[in-house]
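The values are calculated or read from the model by the stated rules, or taken from the named source; none is laboratory data. In this text, all values refer to a predicted model and were calculated from it rather than measured experimentally. Positions of Cβ are generated from backbone atoms using ideal geometry, with glycine treated the same way; all protein chains shown enter the neighbour counts. Keep in mind that these areas ignore ligands, DNA and RNA; they rest on the heavy atoms of the full protein, side chains included. Shrake-Rupley method; radii C 1.70, N 1.55, O 1.52, S 1.80 Å.
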Amino acid sequence: MKRANRRFNPLLTLVLGASISALPYAAAAAQPTQNDTNLQAEVMNKALNKANLKGVQATAQNGAVTLTGTVPLFALKQEADKRTHRIKGVQTVSNEIQVAGSSLPDSVLEAKLAKAIAYDRVGYGTTPFNAISVQVQNGTATLSGDAYAPVDAASAIALAAYTPGVKNVVNQVRVDPLSPMDDRSRIQLFRTIYGFPTLSKYAMDPAKPIRISVQNGNVTLYGVVDSQMDKDAAGIRANSVPGIFKVTNDLKVAGGPEKN
């Protein structure tokens, strides 16, 4: 019987060795793809499984999630982003969701928002002390001014985010510092201004058109009054309150030129 020829073949050994050594790298390369697939499924099934987010899609790559699609409200775009961030394994979120829905002219949308914000939080006791303004450009609502407390600012921002036609919301609202002394001044200012006979008519409006903003003893009056006489009276009354350092009268006169 002849023995089988078992000559050593260096070329074959090199090829086999290279193939075997490449297996761990191939498995490692496939792992991110599988992880991305799993992460994408987690986001779609857990973060975006709400009926009002059905128009949103997600893709994942190495823990980075990209959101695309459309929603009818800007608030839903924010919600999709927040819910996605909560999913385990998500490293970053790129929010490319488009806000669809009605497209109102900026001027119409701005007037609608201004009125809604003016009547926001009526009944909570802080309405006269919020001076939040809004400007709309290309569907982006920018809120600025001063809010009495964080909840007042957050409420105005949420109101804008849930308004159809708003594509984006920019928050530039400042929250007044916490101060018992300023709170006492606010109450005195409110009583002094709205209790004055010629200005008491403004107290009838739940929106309280004369807004009183106070920060560290510095007072600014915002809003719209019927006449220059009413504007001047409000300024004089504000200056009569003890403990006030400075009063800036930024009230506007309806239907007439402003006079400082």
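Which residues, taken from segment 77-109, are among the basic types (Lys, Arg) and open to solvent by 70 Å² or more (accessible area, probe 1.4 Å)? Lys82, Arg86, Lys88 - these are the residues of segment 77-109 that are among the basic types (Lys, Arg) and open to solvent by 70 Å² or more (accessible area, probe 1.4 Å). Does Gly235 fit the bill of being modelled with pLDDT under 95 and among the small types (Gly, Ala, Ser)? Here the answer is no, as Gly235 does not meet what is asked. Taking the condition closer than 30 Å to Asn49 by Cβ, surrounded by fewer than 17 Cβ atoms within 10 Å (Cβ to Cβ), modelled with pLDDT of 95 or more and under 14 Å from the mean Cα position of the chain (by Cα), does Ala158 pass? Against the criterion (closer than 30 Å to Asn49 by Cβ, surrounded by fewer than 17 Cβ atoms within 10 Å (Cβ to Cβ), modelled with pLDDT of 95 or more and under 14 Å from the mean Cα position of the chain (by Cα)), Ala158 qualifies. Considered as a group, the residues in segment 168-207 that are over 24 Å from Leu143 (Cβ atoms) and of a type in the set (A, V, I, L, M, F, W, C) include one that is surrounded by the most Cβ atoms within 10 Å (Cβ to Cβ), and that residue is Ile193.
Residue-level check: of (1) farther than 23 Å from Gly139 by Cβ; (2) open to solvent by less than 20 Å² (accessible area, probe 1.4 Å), Leu67 misses just (1). The requirement of being crowded, with 21+ Cβ neighbours inside 10 Å, assigned to a strand (DSSP E or B) and touching a Gly at 6+ places or on another chain (Cβ under 8 Å) is satisfied by Arg211.
If the condition is being part of a strand (DSSP E or B), open to solvent by 20 Å² or more (accessible area, probe 1.4 Å) and not hydroxyl-bearing (Ser, Thr, Tyr), then segment 214-252 contributes Gln215, Asn218, Gly223, Val224, Lys246, Val247, Asn249, Lys252.
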